[in-house]
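To start, the structure under review is shown below, and the notes come after it.
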Amino acid sequence: MAKLPSETLDELQLSQKFKPLLKARDEVFADMYAHSTGLPSNNPYSQKLKQAFPSCLKFLEEM
């Protein structure tokens, strides 16, 4: 999250303005976990998270 611009975090509602860091991390993890298991999603928000956190997704896919 620290590598993303604040505008991106605001767009994804992951910044401190919207929720605490732990809740934001949990949200990213849950979405990336779903993607890593092959669960299909056409949800635009989910797709933006997938694009914003490729390293997290790759890590989970390799597990």
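Every number in this text was worked out from the coordinates using simple rules, so none of it is lab data. Computed from a prediction, not measured in an experiment: that's the story for all the values here. All Cβ positions, even for glycine, are placed from backbone atoms using ideal geometry, and neighbour counts span all protein chains on display.
Please go through the range 1-19 and give me each residue that is among the small types (Gly, Ala, Ser) and not in a loop (DSSP other than H, G, I, E, B), ordered by number.
Ser6
For the range 34-58, which positions are in contact with a Leu (Cβ under 8 Å, 6 or more places away or on another chain) and within 16 Å of Ala24 (Cβ to Cβ)?
Tyr45, Lys48, Leu49, Lys50, Ala52
Scan the range 19-45 for residues that are within 18 Å of Glu61 (Cβ to Cβ), polar (S, T, N, Q) and surrounded by fewer than 16 Cβ atoms within 10 Å (Cβ to Cβ) and jot them down.
Thr37, Ser41
Out of (1) crowded, with 16+ Cβ neighbours inside 10 Å; (2) in contact with a helix residue (DSSP H, G or I) (Cβ under 7 Å, 6 or more places away or on another chain); (3) assigned to a helix (DSSP H, G or I), what's the single condition that is false for Glu61?
(1)
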